[in-house]
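Below you'll find the structure, written out as structure tokens, and then a few comments.
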Amino acid sequence: MTNQGQNAWLTATPAGPAVLVTVAIVEGSVPREAGAHMLVTAHGQADTIGGGHLELCALEVARAMLHEATGAASSPNPAPAVAARMQRYALGPTLGQCCGGVVHLAFEFVDAALAQVLQMLRGLQQTLHTDSWRLSALDGPASSVLLAADGALLAGPAEILPQLPVFDAARSTQVLRDSAGRRWLADAVLAPRAHLLLFGAGHVGTALIRMLGELPCTVSWIDEREAMFPAELPANVRIEASDVPEALVASAPAGASYLVMTHSHALDQRLSAAILAREQVGWFGLIGSHTKRVQFERRMAARGVAAERLAAMVCPIGLPGISSKLPAVIAASVCAQLLMVWQAQYAEPR
């Protein structure tokens with residue numbers, strides 16, 4: 001099991017026992033942020049907590065827990081369930097890594113209760129816009145629950161709710177103590193904030209989808225030609241085969257990004273007019289040359305589109321200095337451009 005895609009730790013379905021490793025606390029310069037995960041089995045892993053010596057040490061701890069669980073299961077007098085644990089790694093002094101910060105990793109054996117929570121989380125990820133919080137005990141008997149963003153119980157035993165510490169929903173993953181001093185991992189599993197409407201299922205659009213499937217975003221992929229869509233899609237992509245794709249602009253979430261690259265300049269123009277006519281557009285990119293931009297600007301200005309709205313239209317798309325017309329190169333350039341836009345728009349919780 002080796003999978004490094006977006007939320008691979010969550011979408012992986014290991015055949016055997018597994019340990020979930022979570023970056024619980026970070027101090028200073030570290031490879032990954034709090035809330036990064038890695039799911040470890042005896043012979044593989046899904047996702048990464050940053051690679052290097054830190055990840056090697058984490059794999060050793062996780063596989064020692066798996067060995068412990070295997071031994072307990074085969075013993076005539078089974079031991080208690082493998083307990084969760086948390087370990088501190090000073091990256092410079094302990095591991096010789098140059099970043100030099102400190103990482104606290106939580107290790108949880110995936111027992112039946114945690115497996116139920118992860119299964120529920122997989123279902124929630126299919127809705128694409130659902131935030132939730134996973135709380136797991138790091139001391140004492142294993143306990144796991146899943147809470148909705150409003151605090152409603154989604155999975156796990158209701159009787160432990162009074163024991164749970166109060167967590168700060170404005171922050172990312174955190175470690176807290178309850179009134180009895182027991183430590184809990186409050187793990188934020190947040191839906192991506194960035195949403196893209198991608199119009200066009202041609203070569204560049206298809207190349208973009210392959211890359212966007214690895215990124216923290218959700219995508220509505222829209223084209224009139226249903227046969228153009230591939231049979232398999234990344235989990236964060238939804239297709240819309242519509243004869244009136246302009247209608248989907250009005251129903252898009254506020255602040256969404258738009259990328260227009262259809263097979264028809266006439267359709268591109270209709271979509272551009274619809275996007276420029278609506279409020280709360282996060283970003284709008286149109287594939288094409290400087291000549292195409294000038295033509296579209298003239299036509300839409302004649303129809304009364306304000307100059308400041310036209311100025312916000314990005315055309316040509318992609319990062320300056322990248323001139324290749326290869327679909328994969330265009331896709332990589334546009335993905336980098338979108339990441340820069342989204343990073344500025346959506347600050348990560350701390």
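Under the condition of being free of Cβ contacts under 8 Å to residues at least 24 places away in the same chain, on the phi < 0 side of the Ramachandran plot and small (Gly, Ala, Ser), the residues counted in the range 309-333 number 4. Per the conditions (1) modelled with pLDDT under 90; (2) buried (at least 16 other Cβ atoms within 10 Å of the Cβ); (3) in contact with a Pro (Cβ under 7 Å, 6 or more places away or on another chain), the sole criterion not satisfied by VAL204 is (1). Counting only residues that are modelled with pLDDT of 90 or more and among the basic types (Lys, Arg), the range 112-140 holds 1 of them. Within the range 189-207, not a single residue is touching a strand residue (DSSP E or B) at 6+ places or on another chain (Cβ under 8 Å) and hydroxyl-bearing (Ser, Thr, Tyr).
Sort out which residues of the range 87-99 are modelled with pLDDT of 80 or more and either crowded, with 16+ Cβ neighbours inside 10 Å or outside any strand (DSSP E or B) (or both), and write them in order of number.
So the first thing to find is which residues in the range 87-99 are modelled with pLDDT of 80 or more, and the list is 87-91.
The answer is TYR89, LEU91.
Listed by first and then second residue, the pairs linking a residue in the range 220-242 that is without any contact (Cβ under 8 Å) to a residue 40 or more places away in the chain to a residue that is crowded, with 17+ Cβ neighbours inside 10 Å and of a type in the set (S, T, N, Q), with Cβ atoms under 6 Å apart and 6 or more places separating them unless they lie on different chains, are GLU240/SER220.
From the list SER143, SER172, exactly one residue is surrounded by 13 or more Cβ atoms within 10 Å (Cβ to Cβ), modelled with pLDDT under 90, of a type outside the set (A, V, I, L, M) and over 30 Å from LEU286 (Cα atoms). Which is it? So the residue among SER143, SER172 that is surrounded by 13 or more Cβ atoms within 10 Å (Cβ to Cβ), modelled with pLDDT under 90, of a type outside the set (A, V, I, L, M) and over 30 Å from LEU286 (Cα atoms) is SER172.
Of the residues making up the range 211-257, those that are within 23 Å of ALA344 (Cα to Cα) and not hydrophobic (A, V, I, L, M, F, W, C) number 9.
Just checking, which of ALA336, ALA344 is in a helix (DSSP H, G or I), modelled with pLDDT under 95, at negative phi and out of contact with any helix residue (DSSP H, G or I) (no Cβ under 8 Å at 6 or more places or on another chain)? One residue alone meets the criteria, ALA344.
Which residue is nearest to ALA137 (Cα to Cα), if the candidates are limited to the range 157-194 and must be of a type in the set (Lys, Arg) and within 23 Å of the chain's Cα centre (by Cα)?
Residue satisfying both the conditions and the ranking: ARG171.
Filtering the range 24-41 to residues that are small (Gly, Ala, Ser), crowded, with 20+ Cβ neighbours inside 10 Å and more than 14 Å from LEU10 (Cβ to Cβ) leaves ALA24, ALA34.
Quick grid of which residues meet (1) among the small types (Gly, Ala, Ser); (2) in contact (Cβ under 8 Å) with a residue 60 or more places away in the chain:
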residue	(1), (2)
ALA256	yes, yes
SER264	yes, no
ARG270	no, no
GLN280	no, no
SER289	yes, no
PHE296	no, no
GLY304	yes, no
ALA307	yes, no
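Name every residue in the range 190-201 that is buried (at least 21 other Cβ atoms within 10 Å of the Cβ) and either closer than 22 Å to ALA254 by Cα or assigned by TED's automatic domain parsing to the domain that holds LEU147 (or both), in order of residue number. Once the filter is applied, which keeps residues that are buried (at least 21 other Cβ atoms within 10 Å of the Cβ) and either closer than 22 Å to ALA254 by Cα or assigned by TED's automatic domain parsing to the domain that holds LEU147 (or both), the range 190-201 yields ALA194, HIS195, LEU196, LEU197, LEU198, PHE199, GLY200.
Quick one: count up the residues across the range 180-235 that are under 30 Å from PRO162 (Cβ atoms) and not small (Gly, Ala, Ser). Before you say what the answer is, go through the steps one by one.
Pass one, the range 180-235, residues under 30 Å from PRO162 (Cβ atoms): 180-191.
Cutting the leftovers down to not small (Gly, Ala, Ser) gives us 182-185, 187, 189-190.
Within the range 180-235, residues that are under 30 Å from PRO162 (Cβ atoms) and not small (Gly, Ala, Ser) number 7.
Regarding GLY5, is this residue modelled with pLDDT under 90 and under 14 Å from ARG63 (Cα atoms)? No, not satisfied.
Can you confirm whether the range 257-266 contains a residue that is surrounded by fewer than 20 Cβ atoms within 10 Å (Cβ to Cβ), within 22 Å of CYS335 (Cβ to Cβ) and at pLDDT 95 or above?
no
The values are calculated or read from the model by the stated rules, or taken from the named source; none is laboratory data. Keep in mind it's a predicted model, so treat the numbers as computed, not measured. Note that we place each Cβ from the backbone using ideal geometry, even for glycine, and neighbour counts take in every protein chain shown.
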